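Working notes for the structure below.
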Amino acid sequence: MNETKDRLRRVLVESLRLDLAPEAVPDTGLREAVGIDSVMGLEFLIWVENEFGIQIQDEDLSVELVDSLDTLAAYVDERAAQTAAARD
């Protein structure tokens, strides 16, 4: 999951054009730490979908998903495994 979190940090910085090193992005409290609003959160999640080749289900969209790299990384890893299994 650490590799996933590292990729998520990079995607967050790139997608929102943050003036911040990816290593400086905290694991939790992202909305407050980098000022993510709802539009920015959706833009970030679209980039996440493209980066990892997954689709985030509408019913899974939540503030918690965008606010914690731990939560998002676990979700991404689970969706990526499901997507890979569906291809086999």
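We did not get these values from a lab; they are worked out from the coordinates using the rules stated. Remember, predicted model here, so these are calculated numbers, not experimental data. In this analysis, Cβ positions are derived from the backbone assuming ideal geometry, glycine residues included, and neighbour counts consider all displayed protein chains.
For Asp60, the shell of other residues with beta-carbons less than 11 Å away shows a net charge of -3, using +1 for Lys and Arg and -1 for Asp and Glu. Positive contributions from Lys and Arg (+1) and negative ones from Asp and Glu (-1), summed over other residues with Cβ under 13 Å from the Cβ of Lys5, come out at -4. Other residues lying with their Cβ under 12 Å from the Cβ of Glu23 contribute a combined charge of +1, Lys and Arg counting +1, Asp and Glu -1.
Could you tell me the relative contact order of region 1-80? Use alpha-carbon pairs under 8 Å, at least six residues apart, and round to a whole percent. The normalised contact order for region 1-80 reaches 38 percent.
Within the listed set Ala33, Ala73, Ala24, the Gaussian network model of the chain (springs between alpha-carbon atoms below 10 Å) gives the highest mean-square fluctuation for Ala24.
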